[in-house]
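Chemist: Pasting in a structure now, in structure tokens, and then I'll have a few things to ask.
Only the coordinates and a few stated rules stand behind these numbers; no lab work does. Quick caveat: nothing in here was measured; it's all calculated off a predicted structure. No Cβ is skipped: glycine too gets one built from the backbone with ideal geometry, and neighbour counts run over all protein chains shown.
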Amino acid sequence: MLQRGIDFHTHPLLVREMVARHPELERAARETFYIGNNFQPLESFLLELDIAGLEKAVLLPIDATSSRNTTVYTNEQIAELCAMSPRLVGFASVDPHDPEAPEKLREAVTKLGLRGLKLAPAMQQFYADDRTLYPLYEAARELGIPILFHSGMSWEPGSRLQYGQPMQFENVAADFPDLPIVLAHLAWPWITDAVALALKYPNLHLDTSALYFDNPRDFLRYAMTQTVPLTVFERSLRKQIVFGSNYPRVEIKNMAAAVRGLGFSEPCLDLIFRENAQRLLGGRR
Amino acid sequence: MIIKLERIEVQSRQGMEMIDITPQVEQAVAASGVHNGLVLAMTAHTSSGLLVTEGIECLERDVLAHLERLAPKEPPAGTFGYWHNRYLDYDGRLGFNAGDHLKSILGGVNCFFPIENGKVVRGSRQKVYFVEYDGPLARTVFIQVLGEAA
């Protein structure tokens, strides 16, 4: 299969080489991120991309120092893993409660080569439109990098869903019109709210990494053809949707097949799988 | 009496795939020192299998195609939809590979052969296959050799 395109939402929690080097990552996987699958060599991750027909994957860490006294990969560990394969694109995370977060983000981007910011309001326990975070958003805007926010449902025990409601992100989208924002997981179950925001704010994007019942095929069919008609995504939001799998909670191959089976036109699939992600990653100043 | 257990790792590269592990089974027997006895092999995973068949590509395709027909990856509509399609709290994710588990049951998860004069006794066309139903993954196969030394 031709390999082109990017998975914009993966967590490298199962990479065996990294767990061997950093044993604390086993606890992060099991007790913080809460994933039970077996650890795998990096090769399995890259083969997942291969059979999904994708070239690259965005790796997402979570700095939950204040809320959980832990990190799910540090920025340095993400950079270390990215050095193992040119197919991996690293994002940074910072503790949103840390006053030095903007400077730490600048360091992660300029010194470690990371290319976006991941924030998880439910796990990190903050509301996205808290004004104390605006310097962090301003730093991301200045750097020309996107922010990917976890939004919608959170599986992890102790994570409160209220932090992930889409309207928490409206002020950020409105106050930083030049800052590319991605709301992950279609913000399900508030997908209609998330679509409304995306229709109103062109800097706001949605990733497809949503699976909360049934299976990728049936869930996405429900969310992206029944809850919201597919035509809304194809006609109005085609430049604001990026493919994301949420690997390893969902295998990349399964989510890619589900998105490809929804009925999008080929040009729209190319936007979702490749072009939109490339544009988001290409704004680095 | 010798009893030796070996764990080998098999890296699958496709979603569904048959991988000939006959050489690894024979190697385990050769390394065990068992002259007359039995060798058993078993996959450690419930979405993969072990089976014995003729080692030709056309049969590999037929095995995989018909297991997929009997237990499709995508859940059938209606009565035969998969109950496994639900959130598994112990795994932190949904279970949506019921078809792969069912293939594992249908195709089997283990096999055994006699050992005679230090060699695996098998039919001339028989090969031992590790069968991946939900790859690509690094998988573990247990090979246990039991028997008497020379």
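Chemist: Give the span of the protein assembly as shown's Cα atoms along each principal axis, as three whole-Å numbers ordered largest to smallest.
Modeler: Computed over the Cα atoms, the extents are 80, 45, 36 Å.
Chemist: How much FRET efficiency would the formula 1/(1 + (r/R0)^6) give for residue A:239 and residue B:9, where r is the Cβ-Cβ distance and R0 is 35 Å, rounded to 0.05?
Modeler: Values: r = 44 Å, r/R0 = 1.24.
According to the calculation, E is roughly 0.20.
Chemist: Antiparallel DSSP bridges in the stretch A:6-281: what percent, to the nearest 5?
Modeler: Values: 3 of 23 bridges.
Given both bridge residues lie in the stretch A:6-281, the antiparallel proportion sits at roughly 15 percent.
Chemist: Quick one: 3J(HN,Hα) in Hz for the stretch A:141-146, Karplus 6.51/-1.76/1.60 with θ = phi - 60°, rounded, Gly and Pro as x.
Modeler: 4, 4, 6, x, 10, x
Chemist: Determine ³J(HN,Hα), in whole Hz, for all residues of the stretch A:110-124 in sequence, where each value follows from phi through the Karplus function 6.51 cos²θ - 1.76 cosθ + 1.60 and θ = phi - 60°; x replaces Gly and Pro.
Modeler: 7, 9, 9, x, 6, 10, x, 10, 10, 10, 10, x, 5, 6, 8
Chemist: Can you divide the C-alpha Rg of the stretch A:48-93 by 2.2 N^0.38 Å and report the result to two decimal places? Spell out each step's value before the answer.
Modeler: On the way: Rg = 12.4 Å, N = 46, 2.2 N^0.38 = 9.4 Å.
So the Cα radius of gyration is 1.32 times the expected 2.2 N^0.38 Å.
Chemist: Still on this model: Mind checking which lysines have their Cα closer than 22 Å to the Cα of residue A:239? Skip sequence neighbours fewer than 8 apart in that chain.
Modeler: A:56, A:118, A:200
Chemist: Can you give me the angle between helix B:98-107 and the longest principal axis of chain B, using Cα atoms only, in degrees from 0 to 90, rounded to the nearest 10?
Modeler: Taking the Cα atoms of chain B, the angle to B:98-107 is about 30 degrees.
Chemist: Next question. Could you pull out every residue, at least 5 positions away or on a different chain, whose amide H is within less than 5 Å of the one on residue A:90? Hs are placed 1.01 Å off N in the peptide plane, and Pro or chain starts have none.
Modeler: Result for residue A:90 returns A:59, A:115.
Chemist: Oh, and also: Would the stretch B:2-149 count as rounded, prolate or oblate if I go by the C-alpha gyration tensor, calling it rounded below 1.5 in a/c and otherwise prolate when a/b exceeds b/c, oblate otherwise?
Modeler: Values: a/c = 2.74, a/b = 1.87, b/c = 1.46.
Since a/c reaches 1.5 and a/b is larger than b/c, the shape of the stretch B:2-149 is classed as prolate.
Chemist: Placing +1 on the Cβ of each Lys and Arg and -1 on the Cβ of each Asp and Glu in chain A, which of A:154, A:184, A:74 has its Cα farthest towards the positive end of the resulting dipole?
Modeler: Positive-end residue among those listed: A:184.
Chemist: Could you list, bin by bin from short to long, the percent of Cα-Cα pairs of the stretch A:16-83 in 10 Å steps?
Modeler: Cα pair-distance distribution for the stretch A:16-83, in percent: 18, 50, 27, 4.
Chemist: Another one. Where a ≥ b ≥ c are the square roots of the eigenvalues of the C-alpha gyration tensor, would you call the stretch B:1-76 rounded, which needs a/c under 1.5, or, failing that, prolate if a/b is larger than b/c, or oblate?
Modeler: Details: a/c = 2.67, a/b = 2.15, b/c = 1.24.
The shape class here is prolate.
Chemist: Then there is this: With the dipole of chain A worked out from charges on the C-beta (+1 for Lys and Arg, -1 for Asp and Glu) around the Cα centre, which of A:25, A:278, A:11 lies farthest toward the positive end?
Modeler: The listed residue farthest towards the positive side: A:278.
Chemist: Turning to a different aspect of this structure: How much net charge surrounds residue B:62 when only other residues with a Cβ under 13 Å from its Cβ are counted (Lys, Arg +1; Asp, Glu -1)?
Modeler: On the way: positive: B:61, B:69; negative: B:54, B:57, B:60, B:68.
Around residue B:62, the charge tally is -2.
Chemist: Does anyone have the angle between helix B:57-70 and the longest principal axis of chain B? Alpha-carbon axes, 0 to 90°, nearest 10?
Modeler: It is inclined by approximately 40 degrees.
Chemist: For each of A:9, A:22, count neighbouring Cβ atoms within 10 Å of the residue's Cβ, then give the residues from fewest to most.
Modeler: Numbers: A:9 30, A:22 16.
Ascending Cβ contact count within 10 Å gives the list A:22, A:9.
Chemist: Build a GNM of chain A with springs between Cα atoms under 10 Å: which of A:37, A:203, A:246 gets the top mean-square fluctuation?
Modeler: Sorting by GNM fluctuation, first place goes to A:37.
Chemist: Let me ask something else about it. Where a ≥ b ≥ c are the square roots of the eigenvalues of the C-alpha gyration tensor, would you call the stretch B:54-99 rounded, which needs a/c under 1.5, or, failing that, prolate if a/b is larger than b/c, or oblate?
Modeler: Values: a/c = 5.14, a/b = 1.96, b/c = 2.62.
It is oblate, given that a/c is not under 1.5 and a/b is not larger than b/c.
Chemist: Grab the Cα-Cα distance for residue B:44 and residue B:149, subtract it from 0.36 nm times how many residues apart they are, and report the gain in nm with one decimal. Walk me through the intermediate numbers first.
Modeler: Working: separation 105, 0.36 × 105 = 37.80 nm, distance 2.76 nm.
Residue separation times 0.36 nm, minus the Cα-Cα distance, leaves 35.0 nm.
Chemist: Right, here's the next one. Please list, in order along the stretch A:255-264, the HN-Hα scalar couplings obtained from phi with the Karplus expression 6.51 cos²θ - 1.76 cosθ + 1.60 (θ = phi - 60°), rounded to whole Hz, x for Gly and Pro.
Modeler: For the stretch A:255-264, the Karplus curve yields 5, 5, 5, 5, 5, 5, x, 6, x, 5 Hz.
Chemist: Among the lysines, select those whose C-alpha is under 21 Å from the C-alpha of residue B:103, and discard any that sit fewer than 8 residues away in the same chain.
Modeler: A:253, B:73, B:127
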